[in-house]
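First the structure, in the form of structure tokens, and then the observations on it.
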Amino acid sequence: MSNWLIYGLTSALFWGIYANFSKIVTSDKFLKIQPDLSSLLMFTGLSIVFIGYFLIKSSLGMNYKLTAIALLAAIIFILLFLVSKSGVAISWPVILFGLGQGVLWSLGMIFTFLAFSSGAEAAKLVPLYNTNTLIAVLIGMAFLHEVPAPDERIKVISGALLIVLGGILVSK
């Protein structure tokens with residue numbers, strides 16, 4: 001199996017999980033965090049992954065890396081402070097799911113970058129990583145109990161399976 005194919009499927013997995021984390025963060029049924037505050041939490045998660053990835057992969061000197069770590073710490077502190085001042089109680093579920101949505105999305109993006117740098121063609125990779133729809137549907141049904149009405153189930157599952165079939169067809 002090609003590296004780009006593995007990277008593309010990994011992106012789909014991260015983005016499928018990310019969609020459900022975002023549902024948990026913003027839904028009245030779960031954490032009830034307003035979209036503007038959810039975006040701050042997501043940005044914090046994005047910052048952690050992208051700056052962390054940069055620190056791991058860069059060949060810059062220690063002074064630059066320490067500066068990046070200080071910047072990351074400042075971003076985390078400021079954004080969590082702003083969210084808490086808006087009335088959201090910072091708890092483990094808020095941290096896990098709020099920051100997690102940014103972490104998952106950015107990991108999906110990094111694996112997409114890796115796929116493209118491994119020689120993936122956009123015409124093949126994009127349909128493949130968009131199989132995240134099926135992953136999001138299955139996770140939503142299994143863990144969030146978002147089972148469609150009986151007359152809608154076949155449509156939802158068939159549509160998601162057709163997306164996967166399309167991803168398989170273009171990846172060969």
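Bear in mind these aren't lab numbers, they're just calculated from the coordinates by the rules spelled out. Quick caveat, the model's predicted, so the values are computed rather than measured. With ideal geometry, Cβ positions are generated from the backbone for all residues, glycine too; neighbour counts draw on all protein chains shown.
Remarks
- All conditions in (1) out of contact with any Gly (no Cβ under 9 Å at 6 or more places or on another chain); (2) of a type outside the set (Phe, Trp, Tyr); (3) surrounded by fewer than 17 Cβ atoms within 10 Å (Cβ to Cβ) hold for Leu138, with the sole exception of (1).
- Scanning the stretch 141-161 for residues that are aliphatic (A, V, I, L, M), surrounded by fewer than 11 Cβ atoms within 10 Å (Cβ to Cβ) and assigned to a loop (DSSP other than H, G, I, E, B) yields one hit, Ala149.
- Scanning the stretch 99-134 for residues that are under 20 Å from Leu169 (Cβ atoms), in contact (Cβ under 8 Å) with a residue 60 or more places away in the chain and part of a loop (DSSP other than H, G, I, E, B) yields a count of 4.
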